1. Quick check on the range 172-181: of everything there that is more than 10 Å from the ligand (Cβ to nearest atom) and buried (at least 19 other Cβ atoms within 10 Å of the Cβ), which residue is nearest to residue 66 (Cα to Cα)?
2. Residues being within 11 Å of the ligand (Cβ to nearest atom) and outside any loop (DSSP other than H, G, I, E, B): count how many of those fall in the range 152-168.
3. If you go through the range 73-82, how many residues are away from the ligand (no atom under 15 Å from the Cβ) and outside any helix (DSSP H, G or I)?
4. Would you point out the residue of the range 47-72, among those that are part of a loop (DSSP other than H, G, I, E, B) and more than 12 Å from the ligand (Cβ to nearest atom), that is farthest from the chain's Cα centre (by Cα)?
5. Can you pull out the strands (runs of 3 or more DSSP E) entirely within the range 83-140 that have at least 2 residues that are within 8 Å of the ligand (Cβ to nearest atom)?
6. Only one residue in 146, 236 is within 20 Å of residue 72 (Cβ to Cβ), more than 20 Å from the chain's Cα centre (by Cα), surrounded by fewer than 19 Cβ atoms within 10 Å (Cβ to Cβ) and small (Gly, Ala, Ser). Which one?
7. Look at residue 202 and say whether it is at pLDDT below 95 and away from the ligand (no atom under 16 Å from the Cβ).
Amino acid sequence: MNDQRGKKTKAKRKKQTATQFTGRGMATRVKTAKGRKSSSTRWLQRQLNDPYVAEAQTRGYRSRAAFKLLELNERFNILSAGQNVVDLGAAPGGWTQVIQEKLGNSAGAIVAVDQNEIEPLDGVTVLKLDIYEENAPDQIKAALNGQADVVLSDMAPAATGHRSTDHLRIIGLCEAALDIAINVLSPGGTLIAKVWQGGTEQDLLTQIKKSFKQVKHAKPPASRADSAEVYVVAQGFRITK
Ligand SMILES: C[S@@+](CC[C@H](N)C(=O)[O-])C[C@H]1O[C@@H](n2cnc3c(N)ncnc32)[C@H](O)[C@@H]1O
């Protein structure tokens, strides 16, 4: 090694506070650095030791969340060629990539919605849209050019750290997803939406049960055990108006 480079590497290593990923099954420890909050250190350590993160990188998925949809789909058999699918809270696009894979080159429409940017994906209509906008259902309907067979929502609010506030916010997003589903689903359709375990969920569940024949909760293995998130899987949409 060239001497100059050797010196630089040594200096860099001294400054470096996080060890590199050392491979599957081997825990990587991250030292708390000056200026880094211990919550960031914990996040980094978890990322480095998470086999789903590594596998997502290997398979080219934009997020580890892709595995949650793969697992939900394996259990409930939701996605198939020819369907029209709406993906709410789609950024950065892991779930959308799974939908793309499962629908293949069929004529179905995929509409990916998020308030944040989503990098373009082949065959996907991307809408940068806050789901609370008044005309959100109309915009999604227009992008679908028809009805949807499946509405998925992995939407989550930016966490405030205040448990009951965060809980109310995610329930709000789930209600918005239900509203979209009621507006765009064809009879027999499916809604999957992220919720958090907790009190208010019961009211929402009652509303969902009115509109769907079969409603179950599922926590896919890729969902972190310490996260309160679960998914409501509602199948057999029926028009109740
Ligand atoms: C957990 S991430 C989704 C990850 C995504 N399923 C994937 O596989 O890459 C949650 C997303 O919900 C979006 N979101 C939260 N509130 C929203 C809102 N009001 N309207 C639209 N998107 C929202 C966030 O911007 C964020 O991108």
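1. Among those residues, the one meeting the criterion is 174.
2. Our first condition is that a residue be within 11 Å of the ligand (Cβ to nearest atom); within the range 152-168, this holds for 152-159.
When the remaining residues are screened for being outside any loop (DSSP other than H, G, I, E, B), the result is 152-153.
Of the residues in the range 152-168, 2 are within 11 Å of the ligand (Cβ to nearest atom) and outside any loop (DSSP other than H, G, I, E, B).
3. Filtering the range 73-82 for residues away from the ligand (no atom under 15 Å from the Cβ) gives 74-77, 80-82.
The next check asks that each one be outside any helix (DSSP H, G or I); those that pass are 77, 80-82.
Residues flagged as away from the ligand (no atom under 15 Å from the Cβ) and outside any helix (DSSP H, G or I) within the range 73-82 amount to 4.
4. Step one: list which residues in the range 47-72 are part of a loop (DSSP other than H, G, I, E, B), which gives 49-50, 60-65.
In the following step, the residues that additionally are more than 12 Å from the ligand (Cβ to nearest atom) were identified as 49-50, 60.
Details: 49: 20, 50: 17, 60: 16 Å.
Ranking the qualifying residues of the range 47-72, first place goes to 49.
5. On the way: elements: 85-88, 110-114, 124-128.
Passing ranges, in order: 85-88, 110-114.
6. On the way: 146 fails: within 20 Å of residue 72 (Cβ to Cβ).
Criteria check complete, one pass: 236.
7. Details: at pLDDT below 95: yes; away from the ligand (no atom under 16 Å from the Cβ): yes.
Considered against the rule, which asks whether it is at pLDDT below 95 and away from the ligand (no atom under 16 Å from the Cβ), residue 202 comes out as yes.
The values are calculated or read from the model by the stated rules, or taken from the named source; none is laboratory data. All figures in this text were calculated on a predicted structure; none of them were measured in a lab. Every residue, glycine as well, gets a Cβ built from its backbone with ideal geometry; the counts of neighbours run over all protein chains shown.
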